[in-house]
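Engineer: One structure is given below, represented as structure tokens, and several questions about it will come after.
Read-outs: derived from the displayed coordinates by stated rules, not from any lab. For clarity, every value in this text was computed on a predicted model and none was experimentally measured. Glycine also receives a Cβ, built like all others from the backbone with ideal geometry; neighbour counts cover every protein chain displayed.
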Amino acid sequence: MIEALIIVDLQYDFMPDGALGVKKANEVIPLINGLIGKFSLVVASQDWHPANHISFADTHAMEVGETIEVHGTEQVLWPVHCVEHTHGAALVKELNKDRIHKYFHKGCDPKIDSYSAFYDNERKKETGLDAFLREKNVTKIFIAGLTTEYCVFYTALDGLEMGYEVAVIIDACRPVNLEPHDEKNAVEKMKKAGVEIIRSNSL
């Protein structure tokens, strides 16, 4: 059984002082660096948005946290973040990149958001992650990174649906928690779907 670690969106704009700052996001960096050496295959995803991305509140002259409907799907509006080729979109310098085998960009289409590291939110375009993992004969994926109830959550559920065993390393993730119970609800949904919720010290 080949296992892979997927590091989700450990980018400057998601750090506590970033454009879409996540509380205590920096705390997961040493945990994830400690995990990298335990896997023979490690990949990382990055939000990689054009400047006029549909998920940006500024694109619609609306407020952060408001929602719109995009092709029948609710879209939360975020601050401008992780614009392609900017510092905010870069993976944090403290992350040990020597053992990361491949990077996958998501959210590149200005008209569709992409939480999952596998697909856009409408499941029309793949990032190439699934094809890469299958080429390497991966059967189980372990997920860590940002944020628990958005990109980690959707990557985990997509992974399950595509036939992988999926484990989320919960102490190596952090939530954005637009609403106080968002993280808790996401963890419960993942468990119910069949995602294994583990802690880094169990590896």
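Engineer: Return D109, D130 ranked ascending by Cβ neighbour count within 10 Å, so the fewest neighbours appear first.
Structural biologist: Neighbour counts put them in this order, fewest first: D109, D130.
Engineer: Within a Cβ distance under 11 Å of K38, other residues only, what is the Lys/Arg minus Asp/Glu net charge?
Structural biologist: 0
Engineer: Order by neighbour count: K136, K192, fewest other Cβ atoms within 10 Å first, most last.
Structural biologist: K192, K136
Engineer: While we're looking at this one, here's another question. If packing is taken as the average number of other Cβ atoms within 10 Å across a peptide's residues, how do 27-34, 152-159, 52-59 rank, most packed first?
Structural biologist: Per-residue mean Cβ counts within 10 Å order the peptides as 152-159, 52-59, 27-34.
Engineer: Using 0.36 nm times the number of residues separating H101 and E161, minus their current alpha carbon distance, what extension gain do you get?
Structural biologist: In short, 19.2 nm is gained.
Engineer: Can you tell me how segment 11-50 classifies by the Cα gyration tensor, rounded, prolate or oblate, using a/c under 1.5 as the rounded cut?
Structural biologist: Oblate, because a/c is 1.5 or more while a/b does not exceed b/c.
Engineer: Counting Lys and Arg as +1 and Asp and Glu as -1, what is the net charge of the other residues whose Cβ lies under 15 Å from the Cβ of K93?
Structural biologist: -3
Engineer: So for D120, D98, fewest C-beta neighbours within 10 Å to most, what's the order?
Structural biologist: D98, D120
Engineer: Another one. Which residue, chosen from G128, H81, G18, occupies the Cα position most advanced towards the positive end of the dipole of segment 1-160, where the dipole is computed from +1 (Lys, Arg) and -1 (Asp, Glu) charges on Cβ about the Cα centre?
Structural biologist: Sorting the options by dipole projection puts first G128.
Engineer: Another one. May I ask you to compute the full-extension gain from K38 to M62, defined as 0.36 nm times their residue separation minus their alpha-carbon distance, rounded to one decimal in nm?
Structural biologist: Residue separation times 0.36 nm, minus the Cα-Cα distance, leaves 4.2 nm.
Engineer: With a cut-off of 20 Å, note down the residues of segment 166-187 whose backbone N falls inside the zone around a label point 7 Å from the Cα of M1 toward its beta carbon.
Structural biologist: Hits in segment 166-187 for M1 at 20 Å: 166-171.
Engineer: On to the next question. Exceeding 24 Å between C-alpha atoms, which entries from my cross-link table qualify? They are K102/K192; K140/K192; K23/K184; K97/K136.
Structural biologist: Table pairs above 24 Å Cα-Cα are K102/K192.
Engineer: When the Karplus curve 6.51 cos²θ - 1.76 cosθ + 1.60 is applied with θ = phi - 60°, which whole-Hz ³J(HN,Hα) does each residue of segment 181-187 get, with x for Gly and Pro?
Structural biologist: With coefficients 6.51, -1.76 and 1.60, one gets 9, 4, 4, 4, 5, 5, 4 Hz.
Engineer: Still on this model: With +1 on each Lys and Arg Cβ and -1 on each Asp and Glu Cβ, and nothing else charged, work out how big the dipole of the chain is about its Cα centre, in Debye to the nearest 20.
Structural biologist: In total the dipole reaches around 800 debye.
Engineer: While we're here: Roughly speaking, what is the stretch gain from E84 to A193, that is 0.36 nm per residue apart minus the C-alpha to C-alpha distance, in nm to one decimal?
Structural biologist: Working it through step by step, the gained length comes to 35.9 nm.
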